[in-house]
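The values are calculated or read from the model by the stated rules, or taken from the named source; none is laboratory data. All figures in this text were calculated on a predicted structure; none of them were measured in a lab. Here the Cβ positions follow ideal geometry from the backbone for every residue, glycine too, while neighbour counts run over all protein chains shown. Quick note on the areas: whole protein, heavy atoms, side chains included, nothing else; ligands and nucleic acids left out. Shrake-Rupley method; radii C 1.70, N 1.55, O 1.52, S 1.80 Å.
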Amino acid sequence: MFKSIKFKLILWYFIVLALILATFSLLLYFSYRYNLYSRIDGSLQSRAEAVASLINIQKPDLIVRFNFTESGYLNIDRIGINYPDTLYPFIDQARIYGQFIQIVDLKGNIVKKSSNLGEKTIYLRKDLLDEALKGNLFFQTIRLDQNITIRFLTYPVKDWQGNVIYIIQAGTLLNEVQASLEKFSLGLMVTVPATLLLALLGGFIMAGRVLKPIEEINITAKKINAENLAQRLHINNSGDEIGKLQITLNQMFDRLENAFSAQKRFTADASHELRTPLTVLKGEIEIALKKTRSPEEYKEVLESNMEEVDRLTNIVKDLLFLAKADDGKTLLNIEEIQLNTICEDTIKQIEFLAREKKIQIETHMDSDIKIKGDADKIKQVLLNLLDNGIKYNNEYGKVSLIVCKKENYAEIKISDTGIGIPSEDIPHIFERFYRVDRSRTREIGGSGLGLAIVKWIVEAHKGTISVTSVKSEGTIFTLILPY
């Protein structure tokens with residue numbers, strides 16, 4: 001179970017989702033906390049600035065007295081003469097609800113503090129006092145005891161010349177903020193695991209549905225064997241990855257079925273081709289051994305046996321060539337070759353066969369055609385096609401070899417005026433052991449492997465071969481070989 005794709009998929013899904021939710025929860029928590037503290041800090045700074053605006057009056061004829069009421073409000077009473085009327089609304093009275101205020105002198109002594117601080121005293125540390133005397137304001141979070149936490153702003157007040165003359169500290173309780181953060185954290189601690197469990201359940205269901213076609217592939221693949229190669233996968237959705245995999249597997253099964261069928265046919269045909277000359281050999285030898293024969297009769301039997309041995313040798317040679325080609329062991333000796341020379345040598349080699357059957361060979365070749373290829377293999381192709389053109393031709397017929405130079409390739413056409421190939425047989429003539437007229441095999445010769453070898457050699461040279469034919473009129477083979 002733990003090694004299954006389904007388990008691994010769900011596990012990775014769970015881990016990734018847990019990381020995403022944890023990261024999102026942390027970002028949400030700290031964002032919420034930042035917003036809460038930003039609002040508190042902004043409120044504290046506004047209160048400190050309001051107090052500073054009321055008491056930061058530097059007039060030689062003005063005395064300002066600070067007084068904190070029992071409820072924690074800060075009263076500022078004005079005593080003075082020649083006081084500007086425009087300042088009355090600002091210094092009559094200032095009330096800071098729900099907050100703590102204390103005023104510190106330049107030595108760090110607390111001049112006044114609101115009564116709601118009680119007996120508790122919050123002193124500025126030496127390093128913080130020095131920072132405030134430089135004119136910098138800053139915030140602190142101070143825990144007075146286990147149940148009381150205060151957010152404090154230290155706000156230096158400057159005179160008209162920019163010198164710090166005293167320090168205002170405004171603070172507020174963080175109990176409600178901490179309670180709100182605890183509730184928010186508790187909500188996240190409940191919501192995130194619940195979401196993970198629901199997602200895990202949904203992932204389990206989704207993984208089952210997604211992997212169901214793979215299980216069907218597994219079941220179907222187990223049913224496919226040598227006796228049941230026609231079995232195919234049912235394609236649910238050809239557009240998704242699973243559907244594409246099913247299509248690919250079906251195509252692979254098609255190729256396997258075709259290859260297996262071709263292999264069976266090849267084995268049967270090879271057995272038949274090998275059995276026929278062996279049967280002839282055995283029959284002729286048995287007849288020769290039934291009674292004493294004259295030397296001429298033994299010679300005739302041996303000559304016939306020699307023909308069958310040659311036939312067997314050619315079949316085995318062709319089979320070995322194709323077997324090596326299938327395994328990729330047939331190597332080509334690629335070099336720049338003169339195609340005209342190869343064609344001329346091939347014509348000279350096969351002319352005696354044409355003369356025996358009174359076949360006329362015509363040639364037309366463009367000059368100086370060079371290609372990259374294996375000279376021996378190209379010659380083998382030409383010999384095979386010209387040999388077929390002679391064997392399957394009519395007496396006094398004609399075979400023509402035309403070689404043309406094209407822009408990027410050489411074109412070779414080998415045509416004859418022979419018996420032709422029926423249209424229904426043309427798609428199969430390059431198959432191994434396929435022959436159009438099996439009844440004429442022994443008379444004409446051949447094993448049905450020649451054209452299969454020709455096709456392999458041409459394609460190994462990155463070329464193409466095609467055929468057109470009209471029964472009783474002739475056949476044309478066209479080869480395209482790149483430079």
Taking the C-alpha atoms of the range 291-431, convex hull volume expressed per residue in Å³: 189 Å³
- request: Using a 1.4 angstrom probe on the protein heavy atoms only, line up Leu451, Leu479 by accessible area, largest first.
  value: Leu451, Leu479
query: Which one of Thr267, Ile476, Ser367 has its Cα pushed farthest toward the positive end of the charge dipole of the chain, where Lys and Arg give +1 and Asp and Glu give -1 at the Cβ?
result: Thr267
CD proxy at 222 nm, helix term only [per DSSP H run n ≥ 4: -39500 (n - 2.57); per residue of the chain; nearest 500]: -18000 deg cm²/dmol
task: Just read off the accessible area of Arg47 with the full protein assembly in place, 1.4 Å probe, to the nearest 10 Å².
output: 90 Å²
query: Which shape class, rounded, prolate or oblate, goes with the range 192-309 when its Cα gyration tensor gives a ≥ b ≥ c as root eigenvalues, a/c under 1.5 marks rounded, and past that a/b bigger than b/c marks prolate?
result: prolate
task: Could you tell me which of Ala323, Gln45, His461 has its Cα farthest along the dipole of the chain towards the positive end, charges placed at Cβ (Lys, Arg +1; Asp, Glu -1), taken about the Cα centre?
output: Gln45
- prompt: Once phi is turned into θ = phi - 60°, what whole-Hz ³J(HN,Hα) does the Karplus curve with 6.51, -1.76 and 1.60 give for every residue of the range 162-176, x standing for Gly and Pro?
  reply: x, 8, 6, 10, 6, 10, 9, 10, 10, x, 8, 5, 9, 4, 5
field: Alpha-carbon radius of gyration plus Dmax, which is the widest Cα pair, for the range 1-48 in Å
entry: 20.3, 66
Relative contact order, percent, the chain [alpha-carbon distance under 8 Å, six or more residues apart]: 9 percent
query: Where does the chain land on Rg/Rh, using Cα atoms and the Kirkwood Rh?
result: 1.52
statement: DSSP beta bridges in the chain: the antiparallel percent, rounded to 5, is 90 percent
message: Rounded to the nearest 20 debye, what is the charge dipole size of the range 244-359 about its Cα centre when +1 sits on each Lys and Arg Cβ and -1 on each Asp and Glu Cβ?
response: 440 debye
message: Give me the dipole magnitude in Debye, nearest 20, for the chain about the Cα centre, with unit charges on the beta carbon: positive for Lys and Arg, negative for Asp and Glu.
response: 1820 debye
message: What number comes out for accessible area per residue over the chain if the probe is 1.4 Å? Units Å², please.
response: 61 Å²
field: Of all accessible heavy-atom area on the chain, the percent that carbon and sulfur account for (1.4 Å)
entry: 57 percent
- request: Determine the alpha carbon to alpha carbon distance for each of Lys372/Lys413; Lys398/Lys462; Lys317/Lys455; Lys282/Lys377; Lys282/Lys317 and list only those over 24 Å.
  value: Lys398/Lys462; Lys282/Lys377
query: Going through the range 148-243, which GluC sites (Glu not before Pro) have at most 10 other Cβ atoms within 10 Å and a DSSP loop state?
result: Glu227
